[in-house]
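The values are calculated or read from the model by the stated rules, or taken from the named source; none is laboratory data. Bear in mind that the values here come from a model prediction, so they are computed numbers and not experimental data. Ideal geometry is used to build each Cβ from the backbone, glycine not excepted, and the neighbour counts take in all protein chains shown. The area values use the complete protein model at the heavy-atom level, side chains included, leaving out ligands, DNA and RNA. Shrake-Rupley method; radii C 1.70, N 1.55, O 1.52, S 1.80 Å.
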Amino acid sequence: AVLRNAGVSNSGGLSNSTEALMANATSSDYAQLNDSYYFGTTQKPKKPDLTPISLGFSSQKVASGDQVNVTVAIENQGEADASNASVYFYYEYAYPSGYKTKRSLAVSEVSFIPLGNITLVSTVFNNSELGQYNISAEVDYNNQIQEINKLNNKVTKSINVVSKYPNATILSPS
């Protein structure tokens, strides 16, 4: 808490600003000593807010076994710089039987994201199973950074893995 001398007005009473502050304070927030009033205020610490604003792939058409770069753009929309952030890349896949699984792709470390800046973080996705994948990037997934908002740390986008070999249908022998 920061203690300040509230002072009195020229007429001998409390100044208008001091009266307003004391009206909003609890009895433990201020004290009087002789002609001076002391009151405490708390200062809200400035924190970063790491927000993944976009998730993209190097190719939208992915064949089984192809490598695809997965890149997330992270913006620090908070009030302070951020240091030592982890980005967790993972995917969710539904098998034809309906069974769903969640698998890790990578964890990438970002040493510094200045206030107001955007940082790109990438990993590689390579899978031979056909179907739709929901790929996610979650910033500060292990909650090591005190942020303004923890609910905006994840972005998800779908990608479809198809067969390398096209289907061909023979309509007649001639």
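Remarks
- Check on Val87, open to solvent by less than 80 Å² (accessible area, probe 1.4 Å) and closer than 17 Å to Ser158 by Cα: no
- The range 62-96: number of residues that are under 25 Å from Ile145 (Cα atoms) and not in a strand (DSSP E or B): 5
Residue-wise test of (1) open to solvent by less than 60 Å² (accessible area, probe 1.4 Å); (2) under 22 Å from Ile118 (Cα atoms).
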{"position": "Leu50", "(1), (2)": "yes, yes"}
{"position": "Ile53", "(1), (2)": "no, yes"}
{"position": "Gly56", "(1), (2)": "yes, yes"}
{"position": "Ala63", "(1), (2)": "yes, no"}
{"position": "Asp66", "(1), (2)": "yes, no"}
{"position": "Ala73", "(1), (2)": "yes, yes"}
{"position": "Glu79", "(1), (2)": "no, yes"}
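- Filter pass, Glu109 being touching a strand residue (DSSP E or B) at 6+ places or on another chain (Cβ under 9 Å), assigned to a strand (DSSP E or B) and acidic (Asp, Glu): yes
- Ser59 vs. criteria at pLDDT 75 or above, more than 22 Å from Glu147 (Cα to Cα) and in a loop (DSSP other than H, G, I, E, B): yes
- Among the residues of the range 63-79, some residue qualifies, meaning at least one is over 19 Å from the mean Cα position of the chain (by Cα), aliphatic (A, V, I, L, M) and at pLDDT 90 or above.
- Filter result for Ser83 (more than 30 Å from Val161 (Cα to Cα), polar (S, T, N, Q) and at pLDDT 85 or above): yes
- Pairs with Cβ under 6 Å, 6+ apart, first in the range 146-173 and over 30 Å from Asp66 (Cβ atoms), second open to solvent by 50 Å² or more (accessible area, probe 1.4 Å): Gln146/Lys47; Glu147/Lys47; Ile148/Lys47
- Applying the condition of being under 30 Å from Leu115 (Cα atoms) and charged (D, E, K, R) to the range 126-174 and asking which residue is most open to solvent (accessible area, probe 1.4 Å) yields Lys154.
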